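These notes are about the structure you will find just below.
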Amino acid sequence: MKPNDTITITRSRVGKFGSFVGGVALLVGILALLWTGISTLSLISIALAAVGIAAWAIFAPKDFSGFITGRQARQSLTAFFSTLILIGIVAMAFLYVRERVITFDMTQSSAFTLSRETLDVLRRLARPVQITGFYTSRSLAAREIDDQFFRLYESASNDLITRRYLDPDEVPALAQRFGVIQDGDLFVSYLSEDGTADPNALSRVFRSGRQERDMTEAIMRLLIAGSVTVYFDESHGTRGALDGTQVGLSGIHNGMQESGLVTAGLNVTSIADTGGDIPIDARAVILPRPLVDFTEGEVSVLDRYLQRGGALFIMTDVVFTQDAFLRETGVLNNYLWSNYGLRALDAAVVDPGASTETPLDILSYAVVSNTVTPRLDPSTAPAVFSLARALEVSSSSPRPSVANGRFIMTSELGFAERNLELLGSTNTYVFDDGIDTPGPITVAAWAEDLETGARIVLIGDSDFASNGQVVLSNGNGILITDAITWLTSIDDEVTFAPVTTGIGLPLVAMDDASAQILTFTVVVLIPLSVLIIGIAIWARRSRA
Amino acid sequence: MNGVRTIFGREIASYFTSLFAYLIAAAVLLITGILFINNIGRSQDQVAPNPAAIPDFFAFALIFFAPLLTMRLLAEERREGTLELLLTSPTSDSSIVIGKFAGAWAYYTIILAITFVYQVILLNISQGQTDLAHALCAYIGIWLYGGACLAVGMVFSAATDNQIVAAFLASAALFLLWIGDRVGEVIPNINVARFIRELTLQSHYASSFAVGLLRAEDIVFFAGIIAVMLFITIRLVESNRWR
Amino acid sequence: MIEVKDLSKRYGDRLAVNAISFKAQPGEIVGLLGPNGAGKTTTMRMLTGFMPPTSGSAAIGGFDVVEDSFEARSRVGYLPERVPLYPDMTTEGYVTFWAKLRGVRQPAQAARAVLERLHLDDRSKTLVRNLSKGMRQRLGLAQALVHNPPVIILDEPTIGIDPQQVIEVRETIAALRQSHTVLISTHILSEAEQICDRVIIINQGKIVAQGKPGDLRKKLNAANLESVFLQMVNKDKRA
């Protein structure tokens, strides 16, 4: 019992150290063996254990033999096993509680509570769904943070949703089939009968930083997946849905697919020729700027479709030919005007008040409050159109059941240039009083038949949706997405109000004087007073 | 119970009368104070202050702070010979260990409680909009975390009569239990990495308590670590009797 | 009060205490006498329940130190060879602490009483670290007495203090005779002769002689215990 602050190396100390190393290594080795089977870690640990125990036996033979036999051994063994039993009990309790997922969200913004909207979505699940996460071990910490969030989904869905994590480095083929781009990519998919994720019904989770919204929207997309089909018209020289060039529409086409929509092509001309109809499952038909105008037969195909509650997304452009699509006096234009109060004018939109490079590259200057594009905000992200066509909406409804309206307009300075010939040949556009229509000019309009459920969105431009221009402004994408959402009514099936995380947390406002007082109090006063109290007590006591 | 109470009382009294304890408290308050000022300073540039900033600091600081508190607990008793007297008193070994642990934890609790003043200040200067519940959650977490660190430190204090060795080994162990959160960066096998990570203290704090999520499993984990470590410490103290 | 039967303690392959047996009655002061390393401290540690015997048994007030360790321990006041102190406590705080730990009903009063008895009452607010060596020794004695145990075990209580204090400590121990059983270890023969009713001489873990100091001297025909002791030790060496 002498003070012993120096360490001298003796045989017994080496032996003791060996016994310690051996014991720890043995424990690690056994755990590793149980966990991974025969692996480098378990083999190294067991080898180390052998070396440690051998050192113990060689350098402290008495201690070693005493350990093997006698009371110390008995006591140590009892202690060792009782410790193991305690660890076992703790581990069981831990695993049990973890399975129960008992959590209590203490954040003001309820960041870890599923919103009512999410719970509504989960209630509609009928088939087992799997959340598949591709994480490498490098992003393990991120995975664990995400996981506790997904666990909420699992428990809220009564285990209908399950979680599965894969290491893309280990299963590169599968990762490729899922379309993994980066570490941490997430997917939601139905489970097929054999318990594997169905890669044909996949919904990618787009990460925007709002976990709940991202995940719930992905599940939503999965729910509607396969049930909503949108057709692209392929007749009349339309823009190609699969065309990947600057003028093609592959961007929005793929975006719709990733959103869970089924897309397909149809040919209105051949349907009209064979006397057929637009497929029964078409939730919306897109006419992506046909070049040639529609015939009577084709219009009646569209009419029959609308009569049974169809939805049309019509994009039209200024075209300088006589048989241009939707010409002012054409069959389709007349049909739209007399039935839905919408029509296109043979006039180009010029807007010196709100445009980009030339007055022909107009911005969505004014957006009327509407149900079609609730998210389009011209002040932050306007849609950009180039060489748009002027539209007109009837002032009174053509039929009692039809409601219509315009939702994108030019500024007051805008006008509709009637002289297309001159515009086409010399690129001049001046407002001619009495001929040209003064602004604001309508660029986008909608109509709805409340009886049949038919919906129409008419936009006097198609460039904004092309691969080359959809990226010019966020507004372009929003306009398309919102229009499709409205036309297909998927927003009626799922309404999701995102949780507003990170909003409403306090920002601190202080003037310099009070900031200085605060700094002084916190950095100087509090620690110093603790120190002074300590010194005072110490000084008083040391005199005693 | 009497033994626990008596030993706890002596420990607390010795903290309150030791200059060392005040020095540590002052140092911790100085560092956390600077951190706090820094944190709200940044929040003036439009970033909301992190309610868990101070607890997050403790999670790291405990690597050094906890061994400093625990190194003397049993090692000193053994060196001064008072352990012999304690062990020959009609008191159970567990009362000795639990009493000492409770004393150290209480001291830690007091220091932690003082830093909660920052949250109150923040509440005032942010017009009552601070996420106080989130902060409280992080504090509950770091309080349990601290208890677990102290329990780990006690094992080493009981295992050696050299205080420096006890502190060094405890620091090393706590460092592993902290850095282990990032084990995935070195171990490619994700299941092994996950298992190891699950054993670390940091993983049961950083991804739950610190972000405002109170999870029963983490409470069970920390309580379990404390129980196991104290059990081992008690066995180590008891081993004095086996010789 | 103290009953020791074939008590042995083995460290590795060294037999520190070898089958010793003795008894001590209430009101008796028994001296454990022997050179350093004879096994005195080991014997006392086994009696106080600090370490278990390898074989044999020991009982305090009828309670076995292993089987009924708690009961045995609560009946013992123990002062180890190196006085165990908490330097940062006050004298009174220190004694009160041990009184509380041993379940004394009114620890503060008991502490004050024992400090008065050991003439430390004027130092009750002094920090332990500021006490002189002799006072520390008396303080150690105070903690052993504060719960008024029937058995008091003192390991070399007079070691390292000045002669005046040695006399004081001896007087204090002698005064314990009325109400306590005292087991005291020493390697100073004159001390044992002076205060002990009975002396047990041990060497290399074995009892080599025991009896009243006077009887031992007569039996071995020695002038004093000094020579008895030397005789024993030399005999052992020859053997």
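Hey, does region A:192-199 have a residue that's acidic (Asp, Glu) and in contact with a helix residue (DSSP H, G or I) (Cβ under 8 Å, 6 or more places away or on another chain)?
No.
Please work out which residue is nearest to the other protein chains (Cβ to nearest Cβ), limiting yourself to region C:82-101 and to residues that are open to solvent by 30 Å² or more (accessible area, probe 1.4 Å) and either small (Gly, Ala, Ser) or over 15 Å from B:Glu77 (Cα atoms) (or both).
So the residue we want is C:Lys100.
Could you list, in sequence order, all residues of region B:18-45 that are open to solvent by 40 Å² or more (accessible area, probe 1.4 Å) and within 8 Å of another protein chain (Cβ to nearest Cβ)?
B:Leu19, B:Leu23, B:Ala27, B:Leu30, B:Ile34, B:Gln44
For (1) closer than 24 Å to C:Leu216 by Cβ; (2) among the polar types (S, T, N, Q), each residue gets a yes or a no:
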site	(1), (2)
C:Gly31	yes, no
C:Ala38	yes, no
C:Thr42	yes, yes
C:Arg82	no, no
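C:Asp13 fails exactly one of the following numbered conditions: (1) without any contact (Cβ under 8 Å) to a residue 40 or more places away in the chain; (2) crowded, with 24+ Cβ neighbours inside 10 Å; (3) among the charged types (D, E, K, R). What is the number of that condition?
Exception for C:Asp13: condition (2).
Counting only residues that are open to solvent by less than 10 Å² (accessible area, probe 1.4 Å) and of a type in the set (Ser, Thr, Tyr), which one in region B:197-243 is nearest to the other protein chains (Cβ to nearest Cβ)?
In this case the residue turns out to be B:Ser207.
From B:Ile110, B:Ile114, which residue is farther than 30 Å from C:Met46 by Cα and at the interface with another protein chain (Cβ under 9 Å from one of its Cβ atoms)?
Going through B:Ile110, B:Ile114 in turn, the sole match is B:Ile114.
Given the structure, is B:Ala104 within 9 Å of chain A (Cβ to nearest Cβ) and in a helix (DSSP H, G or I)?
no
Among the residues of region B:159-191, which ones are part of a helix (DSSP H, G or I), open to solvent by 40 Å² or more (accessible area, probe 1.4 Å) and within 10 Å of chain A (Cβ to nearest Cβ)?
Correct list: B:Ala159, B:Ile164, B:Val165, B:Arg182, B:Glu185, B:Asn191.
Tell me, which residue of region A:158-187 that is on the phi > 0 side of the Ramachandran plot and touching a strand residue (DSSP E or B) at 6+ places or on another chain (Cβ under 9 Å) is farthest from the other protein chains (Cβ to nearest Cβ)?
A:Gly179
Residues are listed down the side, and each one gets a yes or a no for (1) among the hydrophobic types (A, V, I, L, M, F, W, C); (2) open to solvent by 10 Å² or more (accessible area, probe 1.4 Å):
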| position | (1), (2) |
| --- | --- |
| A:Asp303 | no, yes |
| A:Arg308 | no, yes |
| A:Phe325 | yes, no |
| A:Val331 | yes, yes |
| A:Asn339 | no, yes |
| A:Thr358 | no, yes |
| A:Ser386 | no, yes |
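For the structure I just gave you, tell me whether A:Leu152 is within 17 Å of A:Met220 (Cβ to Cβ), touching a residue at least 40 places away in the same chain (Cβ under 8 Å) and in a helix (DSSP H, G or I).
For A:Leu152, the condition - within 17 Å of A:Met220 (Cβ to Cβ), touching a residue at least 40 places away in the same chain (Cβ under 8 Å) and in a helix (DSSP H, G or I) - is met.
Between a first residue in region A:83-110 that is at the interface with chain B (Cβ under 7 Å from one of its Cβ atoms) and a second residue that is loosely packed, with under 14 Cβ neighbours inside 10 Å, which pairs have beta carbons less than 8 Å apart while being 6 or more apart in sequence or on different chains?
A:Gln108/A:Gly504
Please give the number of the condition B:Thr130 fails out of (1) within 12 Å of chain A (Cβ to nearest Cβ); (2) in a helix (DSSP H, G or I).
Of the numbered conditions (1) within 12 Å of chain A (Cβ to nearest Cβ); (2) in a helix (DSSP H, G or I), the odd one out for B:Thr130 is (2).
Which members of region A:229-246 meet the condition of being surrounded by fewer than 15 Cβ atoms within 10 Å (Cβ to Cβ) and either touching a helix residue (DSSP H, G or I) at 6+ places or on another chain (Cβ under 8 Å) or among the small types (Gly, Ala, Ser) (or both)?
The answer is A:Gly237, A:Leu242, A:Gly244.
Checking A:Ile314 against (1) outside any loop (DSSP other than H, G, I, E, B); (2) touching a Leu at 6+ places or on another chain (Cβ under 6 Å); (3) more than 22 Å from A:Gly477 (Cα to Cα); (4) not charged (D, E, K, R), only one condition comes out false. Which one?
(3)
Can you tell me which residue among C:Gln143, C:Gln109, C:Gln137 is away from chain B (no Cβ under 13 Å), on the phi < 0 side of the Ramachandran plot and under 15 Å from the mean Cα position of the chain (by Cα)? Walk me through it before giving the result.
Numbers: C:Gln143 fails: away from chain B (no Cβ under 13 Å); C:Gln109 fails: under 15 Å from the mean Cα position of the chain (by Cα).
Exactly one residue qualifies, and that residue is C:Gln137.
Which numbered condition in (1) away from chain B (no Cβ under 11 Å); (2) under 21 Å from C:Asp162 (Cα atoms) is the only one that C:Gly56 fails?
(2)
Might you let me know whether region C:22-41 holds any residue that is within 14 Å of chain B (Cβ to nearest Cβ) and either of a type in the set (Asp, Glu) or open to solvent by 20 Å² or more (accessible area, probe 1.4 Å) (or both)?
Within region C:22-41, one or more residues are within 14 Å of chain B (Cβ to nearest Cβ) and either of a type in the set (Asp, Glu) or open to solvent by 20 Å² or more (accessible area, probe 1.4 Å) (or both).
Which of the following residues is part of a loop (DSSP other than H, G, I, E, B) and hydroxyl-bearing (Ser, Thr, Tyr): A:Ser338, A:Ser396? Step through it out loud before you land on a result.
On the way: A:Ser338 fails: part of a loop (DSSP other than H, G, I, E, B).
The match here is A:Ser396.
The values are calculated or read from the model by the stated rules, or taken from the named source; none is laboratory data. Here the structure is a predicted model, which is why all the values come from computation and not from measurement. Because the Cβ atoms are built from the backbone with ideal geometry, glycine has one as well, and the counts that use them run over all protein chains shown. Heads up: the accessible areas ignore ligands, DNA and RNA and are worked out on the full protein's heavy atoms, side chains in. Shrake-Rupley method; radii C 1.70, N 1.55, O 1.52, S 1.80 Å.
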